[in-house]
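As structure tokens, the structure follows; a few thoughts come after it.
The values are calculated or read from the model by the stated rules, or taken from the named source; none is laboratory data. Predicted, not measured: the structure shown is a model, and the values here were computed from it. As a convention, Cβ positions derive from the backbone with ideal geometry for all residues, glycine included, and neighbour counts pool all protein chains shown. Surface areas here come from the heavy atoms of the whole protein model, side chains and all, with no ligands, DNA or RNA. Shrake-Rupley method; radii C 1.70, N 1.55, O 1.52, S 1.80 Å.
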Amino acid sequence: MSRKIGTDVFSRRAFLRSAATFGAAAVAGSAAAQTAIDDILNAPRRGNWDDQFDAKASRTATAVVSNSPVFGPDSAGHIQQAIFDYQNIVSGGGWPMVSASQKLELGISDPAVQTLRQRLIISGDLPRSAGISNAYDSYVDGAVKRFQARHGLPADGVLGEYTLKAMNVPADVRLGQLQTNLVRIQAMSGDLGYRFVMVNIPAAHIEAVENNRVALRHTAIVGKYDRQSPILNSKIYEVIINPYWTAPRSIIQKDIVPLMRKDPTYLTRNNIRLIDGSGNEVAPETIDWFADKAPNLMFRQDPGKINAMSSTKINFHNEHQVYMHDTPQQGLFNKLMRFESSGCVRVQNVRDLSTWLLKDTPGWSRSQMEATIKTGVNTPIKLAQEVPVYFVYITAWSAKDRVVQFRDDIYQRDGAAELALQTSFGQEGTVEQDALPQ
């Protein structure tokens, strides 16, 4: 299957027609929205801690997880419902801006919590019955965790910097974000295949979808702003166990050559061999590492635990020379900011994904794959049936039950500066340092 996906960079002006489509419904709902806000403001001010504990509240973050994929038969309908809901919020005046003189978390009593409660009630994260008070109780804690989970943030229940920034994006901006992503989702509304893999770049996550249900979800590391992962649709045709890693020319020039000048044992310690154009190995000590130009040789790292791709490489046809792979630096998956690669996609728990991809390929059970990894032998495996893969840019969606998900516009394609919340924060190290064998 091959489908041409048009450019997904849209201006806000281009979506005015989409907004107009839903405008009539928004006007009809504005009175109801105002009534809802009045209900919030007039709710009982339940400020006693003894009646503000809910044992289930702290687990509400899990309620935003669904086995419905971002791209499914009902995806467009779900995001259209979200647009209708957010038009009602906007027509009712939006939500208040939240500010705090101290860090807000469970156990705090502060006047700012009243505004926080209003904000969470309007967005549907906190039930109206929780009322308005200064108490940051278990209801508020659970609502903040739910909000964080919907925005791809660590669900710790603490109103920290990133949570506060996401919370204070105006409702009309979020509405525009939904309208932008409706067009992107509609562009992917065709038959994507019974089984497919979806890499959502701004969410830095992967879905393996089978029969319109998410079989696996994986945390990912994708391209940084100046080395973006491309939008593409292709087919996975090969899994390589114990892959070789070939250093890109940029890494050779910027990193490996300076390292060899400082430590002539670097290549040997990292099992990196020099190969000439005839396939012959060249000894590192025969190279002048202080020459103006890096040697015109292939720098190829042997398979193994310290290999830059670790145990696995997943290949698919594409002109960008990108692929999916394992990494020996598993701690990178714990970062909030996971936009650090040169365009390729690193996959957490990649062996689970490989097992799923190879399940129709005879002779490649999980146990056989693990046994092959232990041998350290480079082993390419052709899939018996190629699996479609889609690299997409979706920053807002709703899978089911009116649970609306938002992610930062990390590549600044949504047309609103407020949506690129984290693009200037949390960048640690360089692509070369992350990719380079240590």
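Overview of results
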quantity: Test for I83: is it farther than 15 Å from F147 by Cβ, at pLDDT below 90 and either under 22 Å from the mean Cα position of the chain (by Cα) or part of a helix (DSSP H, G or I) (or both); calculated: no
quantity: Residues that are in contact with a helix residue (DSSP H, G or I) (Cβ under 9 Å, 6 or more places away or on another chain) and assigned to a helix (DSSP H, G or I), drawn from region 141-162; calculated: D141, G142, A143, V144, K145, R146, F147, Q148, A149, R150, Y162
quantity: First in region 139-153 and closer than 18 Å to W397 by Cα, second anywhere and of a type in the set (K, R), Cβ under 6 Å, 6 or more apart; calculated: G152/R407
quantity: Every pair of residues 6+ apart whose Cβ atoms lie under 6 Å, when the first sits in region 358-385 and is farther than 11 Å from T312 by Cα while the second is assigned to a helix (DSSP H, G or I) and open to solvent by less than 50 Å² (accessible area, probe 1.4 Å); calculated: R366/T355
quantity: Test: A384 is assigned to a strand (DSSP E or B) and either crowded, with 22+ Cβ neighbours inside 10 Å or not polar (S, T, N, Q) (or both); calculated: yes
quantity: G304 being under 33 Å from the mean Cα position of the chain (by Cα) and part of a loop (DSSP other than H, G, I, E, B); calculated: yes
quantity: Answer residue from region 311-329, given it is within 14 Å of V239 (Cα to Cα) and without any contact (Cβ under 8 Å) to a residue 40 or more places away in the chain and is surrounded by the fewest Cβ atoms within 10 Å (Cβ to Cβ) among those; calculated: Y323
quantity: Those residues of region 393-405 which are closer than 13 Å to V65 by Cα and not in a loop (DSSP other than H, G, I, E, B), in sequence order; calculated: W397, S398, V404, Q405
quantity: Filtered residue count, region 206-233, keeping only those that are open to solvent by 30 Å² or more (accessible area, probe 1.4 Å) and among the β-branched types (V, I, T); calculated: 2
quantity: Unmet requirement for R128, which otherwise passes all of (1) under 24 Å from A204 (Cα atoms); (2) touching a residue at least 12 places away in the same chain (Cβ under 8 Å); calculated: (1)
quantity: Of all residues making up region 393-403, the number that are touching a Leu at 6+ places or on another chain (Cβ under 9 Å) and open to solvent by 10 Å² or more (accessible area, probe 1.4 Å); calculated: 1
quantity: Subset of region 65-77 (residues that are in a helix (DSSP H, G or I) and surrounded by fewer than 21 Cβ atoms within 10 Å (Cβ to Cβ)); calculated: A76, G77
quantity: Filtered residues of region 330-341 (kept if surrounded by fewer than 18 Cβ atoms within 10 Å (Cβ to Cβ) and within 14 Å of M309 (Cα to Cα)); calculated: Q330
quantity: Identity of the residue in region 307-347, polar (S, T, N, Q) and more than 20 Å from the chain's Cα centre (by Cα), that ends up nearest to R227 (Cα to Cα); calculated: Q321
quantity: Strands (runs of 3 or more DSSP E) wholly inside region 163-254 containing at least 3 residues that are within 16 Å of the chain's Cα centre (by Cα); calculated: 195-200, 205-210, 213-223
quantity: Residues within region 349-379 that are modelled with pLDDT of 95 or more, assigned to a loop (DSSP other than H, G, I, E, B) and open to solvent by less than 50 Å² (accessible area, probe 1.4 Å), tallied; calculated: 2
quantity: Exclusive hit being modelled with pLDDT of 95 or more and either open to solvent by 10 Å² or more (accessible area, probe 1.4 Å) or within 30 Å of D191 (Cα to Cα) (or both), set I236, I241; calculated: I236
quantity: Qualifying residues in region 257-281 (those that are at pLDDT 95 or above and open to solvent by less than 30 Å² (accessible area, probe 1.4 Å)) - the one farthest from P328 (Cα to Cα); calculated: I275
quantity: Those residues of region 102-145 which are open to solvent by 40 Å² or more (accessible area, probe 1.4 Å) and either in contact with a Lys or Arg (Cβ under 8 Å, 6 or more places away or on another chain) or under 18 Å from Q405 (Cβ atoms) (or both), in sequence order; calculated: G124
quantity: Lone unmet requirement of (1) within 30 Å of V387 (Cβ to Cβ); (2) of a type in the set (K, R); (3) surrounded by 13 or more Cβ atoms within 10 Å (Cβ to Cβ) for K305; calculated: (3)
quantity: Qualifying residue in region 192-209 (condition: under 18 Å from V70 (Cβ atoms) and of a type in the set (S, T, N, Q)); calculated: yes
